[in-house]
Protein chains: 2
Amino acid sequence: MTAAALIEIWRGDLLESLHHGHAVVCGPQGAELVWGEAGAVVFPRSSCKMVQALPLIESGAAEAAGLGLRHLALSCASHSGAALHVGAVGEWLTGLGMGEADLRCGSHLPFDKVEATRLTCSDEKPCQLHNNCSGKHAGFLTLNRHLKGGAEYVEIDHPVQRAVRAAFEEVTGETSPGWGVDGCSAPNFACTLEGLARAMQFFAAARPEGGLRAAAAARLIEAMTAFPELVAGENRACTKLMRATGGKVAVKTGAEGVFVAILPEQKRGIALKITDGASRASEAAITALLVHLGALAPDHPVVAQLLPPVSKNWRGLATGGMRLAKGFC
Amino acid sequence: MTAAALIEIWRGDLLESLHHGHAVVCGPQGAELVWGEAGAVVFPRSSCKMVQALPLIESGAAEAAGLGLRHLALSCASHSGAALHVGAVGEWLTGLGMGEADLRCGSHLPFDKVEATRLTCSDEKPCQLHNNCSGKHAGFLTLNRHLKGGAEYVEIDHPVQRAVRAAFEEVTGETSPGWGVDGCSAPNFACTLEGLARAMQFFAAARPEGGLRAAAAARLIEAMTAFPELVAGENRACTKLMRATGGKVAVKTGAEGVFVAILPEQKRGIALKITDGASRASEAAITALLVHLGALAPDHPVVAQLLPPVSKNWRGLATGGMRLAKGFC
């Protein structure tokens, strides 16, 4: 696959590093803008959590469990594991008559500095609730209780994952060419980048009155944009970008350089993958695309934060900066 | 510049991410092996600290200050800021009748987990001694005292940096096409990757009896290989690789995906740059090159640590692994 140069890292007057990738913008008629190859096969990783959450609503499980917008935002989140997130997911599981031990996502030190410091300095180990995917897994457990499946809900042939794969293949419009085990142990299905952008376009065009799936998609976007702090956390790109766009755009990052955006007003979906997997580049690229499509004001402070024209070192001296590669946006 | 595919990141049965770069192996007759472009212009960043330390010895400043191998190893280090490093650099400065305030490298939280945890949990701020470059700066201050230069030793036209540039251009065999301000505020001079590999080959061929510069270079390599824990720190690639090669090879990492190696027994020097700046790829690539040249046993545990054929997630499940791209090593 031939990737396009997207993000440049400069030092002094010389180009120091360069990030290549693929980006697709889909509208109602299909792909409108493409950099690199639309057919590049990618693992969406966490960028497709809203797709993985569709069966949770469509099955009636969410309504049966009395889930609100906060729960749905967490089901689409790669949260920071702050007290806010850990507490909310813990209460959610308690409401299901379950607990942390029912999760199958594993544990890692949270991204949130306050909570990470609290754990480190009290010599306390992080639990599965701290895992950035614990909200998605609480959603899986909610669906599983409704489907009466077995405890190992992350296995590829489990009813929960069969439902996820079906929804994923339907909204991407493709038969997944393969899958892998994600960091949180759930299956992650591959697709083309255009398929992922097509899925995001479906979410962008979805309206509550459009039927079961469209209503579910619209509800998830309503949840993400209503609670951006639950989808990621303070100082995280997703939260900053959704706040900066005033709730008019839903964005989601994925590991290994993936980022997607859903623009309901334009009925457009965006998907991009940085070939080398760098988050600094995927965050800069999605920022550039949102500005390019007029969904984010070029002078909004978040633009200079995620696409810094000037970078500084430990003493505050300017060392270089980030630039868009020629031909990108 | 056309980079070569070097390191692949796989998930399940699919390629998830890919790192491109340039790599050059130089022997006594010049470039012997090249992947990507030998003429690619790069910032060596911290990989050229042994070059920046040459004037410290050649000027007689090191001898006048009574520096030993430990000091010289620290002058070439990107250390972890562990108590071991902070204490040694602090004593060095005291011996010069100077202190932390004379440094111009700035402060950052150390890489060393024990020291970082101590600072965080005692709400203590890191000082300039914690900066991974503080040993290099202690070397600059030692040279500066000898040259009787002004206090701002990191300025581009300061006698210390003029001496560094001269040594850098002589061992790379090139006139530097430009420079930038490094993370530690010192000037970092650019060169071609072949020039950097040529400089490393000079170090590899240097012997104590070979004259002033050769003796200085040989002394620095003796210091790096004698004290690998001072050049980086526990669980760091440089320290692990130098221990794994039993002191027969000196290696040094540089920010933004640079890695160099010096092989005295083979009189060979290696320099590589990962285009996107990823350390995971530069560490894997230098490991592959050392194995390829017979300087590191393929079955040594460090190989599977830096070039893991199987990667596992938070629950210990295998998710994929790292592979060498077709045609690399």
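Only the coordinates and a few stated rules stand behind these numbers; no lab work does. If you're wondering where the values come from, they're calculated on a predicted model, not measured in any experiment. Here the Cβ is made from the backbone with ideal geometry for all residues, glycine too, and neighbour counts use every protein chain on show.
The set of residues in segment A:251-270 that are touching a Pro at 6+ places or on another chain (Cβ under 8 Å) and aliphatic (A, V, I, L, M) comprises A:258, A:260. Out of the residues in segment A:207-231 that are of a type in the set (Gly, Ala, Ser) and crowded, with 23+ Cβ neighbours inside 10 Å, state the one that is farthest from the chain's Cα centre (by Cα). Once the filter is applied, the top-ranked residue is A:216.
Condition first: part of a strand (DSSP E or B) and within 14 Å of chain B (Cβ to nearest Cβ). Now tell me which residues in segment A:288-329 satisfy that.
A:311, A:312, A:318, A:319, A:320, A:321, A:322
Among residues of segment B:156-167 being among the β-branched types (Val, Ile, Thr) and assigned to a helix (DSSP H, G or I), the one that is surrounded by the fewest Cβ atoms within 10 Å (Cβ to Cβ) is B:164.
Could you go through segment A:149-172 and let me know if any residue there is within 14 Å of chain B (Cβ to nearest Cβ) and under 30 Å from residue A:248 (Cβ atoms). No, every residue in segment A:149-172 fails to be within 14 Å of chain B (Cβ to nearest Cβ) and under 30 Å from residue A:248 (Cβ atoms). Residues in segment B:2-22 that are buried (at least 16 other Cβ atoms within 10 Å of the Cβ) and under 23 Å from residue A:13 (Cα atoms) were compared, and the one that is farthest from the other protein chains (Cβ to nearest Cβ) is B:22. Scanning segment B:118-149 for residues that are over 17 Å from residue B:79 (Cβ atoms) and of a type outside the set (Asp, Glu) yields B:120, B:121, B:122, B:125, B:143, B:144, B:145, B:146, B:147, B:148, B:149.
One line per residue, one yes/no per condition, for (1) closer than 20 Å to residue A:132 by Cβ; (2) small (Gly, Ala, Ser); (3) within 14 Å of chain B (Cβ to nearest Cβ); (4) in contact with a strand residue (DSSP E or B) (Cβ under 6 Å, 6 or more places away or on another chain):
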position: A:180; (1), (2), (3), (4): yes, yes, yes, yes
position: A:186; (1), (2), (3), (4): yes, yes, yes, no
position: A:191; (1), (2), (3), (4): no, no, yes, no
position: A:200; (1), (2), (3), (4): no, no, no, yes
position: A:204; (1), (2), (3), (4): no, yes, no, yes
position: A:207; (1), (2), (3), (4): no, no, no, no
position: A:210; (1), (2), (3), (4): no, yes, no, no
position: A:214; (1), (2), (3), (4): no, yes, no, no
position: A:218; (1), (2), (3), (4): no, yes, no, no
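Residue-by-condition table, conditions (1) more than 30 Å from residue A:43 (Cβ to Cβ); (2) more than 14 Å from chain A (Cβ to nearest Cβ); (3) surrounded by fewer than 23 Cβ atoms within 10 Å (Cβ to Cβ):
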{"site": "B:27", "(1), (2), (3)": "yes, yes, yes"}
{"site": "B:42", "(1), (2), (3)": "yes, no, no"}
{"site": "B:56", "(1), (2), (3)": "yes, yes, no"}
{"site": "B:60", "(1), (2), (3)": "yes, yes, yes"}
{"site": "B:63", "(1), (2), (3)": "yes, yes, yes"}
{"site": "B:70", "(1), (2), (3)": "yes, yes, yes"}
{"site": "B:85", "(1), (2), (3)": "yes, yes, no"}
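Restricting segment A:123-154 to residues that are touching a helix residue (DSSP H, G or I) at 6+ places or on another chain (Cβ under 9 Å) and without any contact (Cβ under 8 Å) to a residue 12 or more places away in the chain, the residue that is farthest from residue A:104 (Cα to Cα) is A:124. Listed here are the helices (runs of 4 or more DSSP H) enclosed by segment B:168-271 that have at least 3 residues being within 29 Å of residue B:116 (Cβ to Cβ): B:212-226, B:228-231, B:237-244. Tallying residues that are under 19 Å from residue B:317 (Cβ atoms) and part of a loop (DSSP other than H, G, I, E, B) within segment A:126-155 yields 11.
Being farther than 30 Å from residue B:318 by Cβ and among the aliphatic types (A, V, I, L, M): is that true of residue A:218 here?
Here the answer is yes, as residue A:218 does meet what is asked.
Being within 14 Å of chain A (Cβ to nearest Cβ), closer than 25 Å to residue B:150 by Cα, aliphatic (A, V, I, L, M) and over 16 Å from the mean Cα position of the chain (by Cα): is that true of residue B:109 here? For residue B:109, the condition - within 14 Å of chain A (Cβ to nearest Cβ), closer than 25 Å to residue B:150 by Cα, aliphatic (A, V, I, L, M) and over 16 Å from the mean Cα position of the chain (by Cα) - is not met.
Scanning segment A:187-236 for residues that are of a type in the set (Lys, Arg), in contact (Cβ under 8 Å) with a residue 12 or more places away in the chain and farther than 23 Å from residue A:105 by Cβ returns A:198, A:213, A:219. Here residue A:38 meets the list (1) within 14 Å of chain B (Cβ to nearest Cβ); (2) more than 17 Å from the chain's Cα centre (by Cα) almost entirely, failing just condition (1). Under the condition of being in contact (Cβ under 8 Å) with a residue 24 or more places away in the chain and charged (D, E, K, R), the residues counted in segment A:48-67 number 2. The single residue among B:253, B:239 that is touching a residue at least 40 places away in the same chain (Cβ under 8 Å) and of a type in the set (S, T, N, Q) turns out to be B:253.
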